[in-house]
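Student: Next up is a structure, given as structure tokens.
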Amino acid sequence: VYLLFQALRQISQRTISTGSRQYVNRVSENQKLFQEDNGLPVHLKGGAKDALLYRTTVGLTVFGTVYALYYLLVSSMPKKPN
């Protein structure tokens, strides 16, 4: 039983302690990027990916608002008699 416990402990420590990736600390690089005074709002400083996400969000919001207003208008009209 002791050997089984020791083997399980060794396996669990091995899988937790050894990772397949090495992570690089890039906090200082990101701080320089986001604190740079280039006239861009913080939600667009990430580059083209951020701009695409922003435009997609704005487009979906405008579309959803127009769609909701359209159905509000349609539902406020009286039904036609058959």
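No lab work stands behind these numbers, since they all come straight from the coordinates. From a predicted model like this one, the values you see are computed outputs, not experimental measurements. All Cβ positions, glycine included, derive from the backbone under ideal geometry; neighbour counts span all protein chains shown.
Student: Add -39500 (n - 2.57) for each DSSP H run of 4 or more in the chain, then divide by its residues: what number comes out at 222 nm, to the nearest 500 deg cm²/dmol?
Tutor: Rounded to the nearest 500, the figure is -22500 deg cm²/dmol.
Student: Just one of (1) 248; (2) 280; (3) 104 is volume of the Cα convex hull per residue in Å³ as worked out from the coordinates here. Which one is it?
Tutor: Looking at volume of the Cα convex hull per residue in Å³ for this model, the match is (2).
Student: When the chain is fully extended, how far beyond the present Cα-Cα distance does Y70 get from L40, taking 0.36 nm per residue of separation?
Tutor: Working: separation 30, 0.36 × 30 = 10.80 nm, distance 3.43 nm.
Extra length available between Y70 and L40 comes to 7.4 nm.
Student: Here's another thing I want to ask about it. Within 10 Å, at most 10 other Cβ atoms, and a DSSP state outside H, G, I, E, B define an exposed site. Report the longest part of the chain free of exposed trypsin sites (Lys or Arg not before Pro).
Tutor: That would be 27-78.
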